[in-house]
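Beneath this line is the structure, given in structure tokens, with notes to follow.
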Amino acid sequence: MKKLLLLFLLACHFQVFAQNGFFIQPSAGVGYTNATIYSSFLNGTYKPASNLRLLFGYKYRNIIFKAGFSYFNSGYVDTRTLPFMQPEYQLNAGYRYETYLALPVTIGYNIKINKRFSVAPYLGYTLGFEKNRTSVFATQKMSWPESGTNSFASMQMEVNYKLSPKFYLIAAPDVQYMIPTRYDNQASYFSNYTYTLNLGVKYFLSKHKNARLPETDVQNTANEKADPLK
């Protein structure tokens, strides 16, 4: 109930203080993780990366700031040797598959191509709250709930297509990389990273254009300066 109330207040906040630069951006993406590269060791058993995002943003001139919520999965190759595992499991490559509820924050710079198209490179940080973990080996699969947190650095190149002053279509290739690289008993194994292509929309809460005074207002202001008694 408290979470729903918080989301409602957040939406009201953006509606009340809506200006030219405020927008909402839902998107969805699919791709792959570094575990996919090693799927041949696992007889093709792997899951692709995916994510869902709901972002709130503000554009000031060409600078863009976005933050919000995301739900995604990713994985990494696991080369650990666990003492309680049988030898046949220890000698076969495996990977871990994790799902996260996360809080992403990004900042970017908009580059206008023409009246319809623009591109924006982004750098960001994501704090992920792990919800579930699955370990897959050549002959065994294990799954259990998890309650840890991990940090991810991200890079993104967003392509925008303008349909109207308030409505845009977006396509954004995205890379997420876990920081720092994981280690276990002095034996390192690959860090968790994902590549996804995200598709979605961007909706500005009011007309997205440069504010300027109407010509009549500019003329009246000039007349008042010329005649202060008026």
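Read the figures in this text as sums done on the coordinates, not as results from a lab. Predicted, not measured: the structure shown is a model, and the values here were computed from it. Heads up, the Cβs are rebuilt from the backbone with ideal geometry, glycines too, and the neighbour counts pull from every protein chain shown.
What's the exposure ranking of GLU158, GLU130, going from fewest to most Cβ atoms within 10 Å?
In increasing order of surrounding Cβ atoms, one gets GLU130, GLU158.
Rank these for me by crowding, TYR193, TYR125, going from fewest to most other beta carbons within 10 Å.
Listed from fewest to most nearby Cβ atoms, that is TYR125, TYR193.
What FRET efficiency comes out for the pair ARG116/PHE69, r = Cβ-Cβ distance, R0 = 22 Å, nearest 0.05?
So, using R0 = 22 Å, E works out to roughly 0.15.
Mind ordering 58-64, 106-112, 172-178 by average Cβ neighbours within 10 Å, highest first? Walk me through the numbers on the way to the answer.
Details: 58-64: 14.1, 106-112: 15.9, 172-178: 20.0.
So the order, starting with the most tightly packed, is 172-178, 106-112, 58-64.
Using amide H atoms built in the peptide plane, which far-off residues or other-chain residues are under 5 Å from ASN192 H to H?
For ASN192, whose amide H was placed from the backbone, the distant partners under 5 Å are MET178, ARG182.
Using 0.36 nm per residue, how much length does the chain from SER164 to GLU130 gain when fully extended, once their Cα-Cα distance is taken away?
8.4 nm
Taking 35 Å as R0, compute the FRET efficiency from the Cβ-Cβ separation of SER151 and SER206 and round it to 0.05. Working shown, then result.
Details: r = 35 Å, r/R0 = 0.99.
The pair SER151/SER206 has a calculated efficiency of 0.50.
Return ILE24, ILE113 ranked ascending by Cβ neighbour count within 10 Å, so the fewest neighbours appear first.
ILE113, ILE24
Compute the FRET efficiency between ILE24 and ASN62 as 1/(1 + (r/R0)^6), taking r as their Cβ-Cβ distance and R0 = 25 Å, and round to the nearest 0.05.
For ILE24 and ASN62, the calculated efficiency is 0.80.
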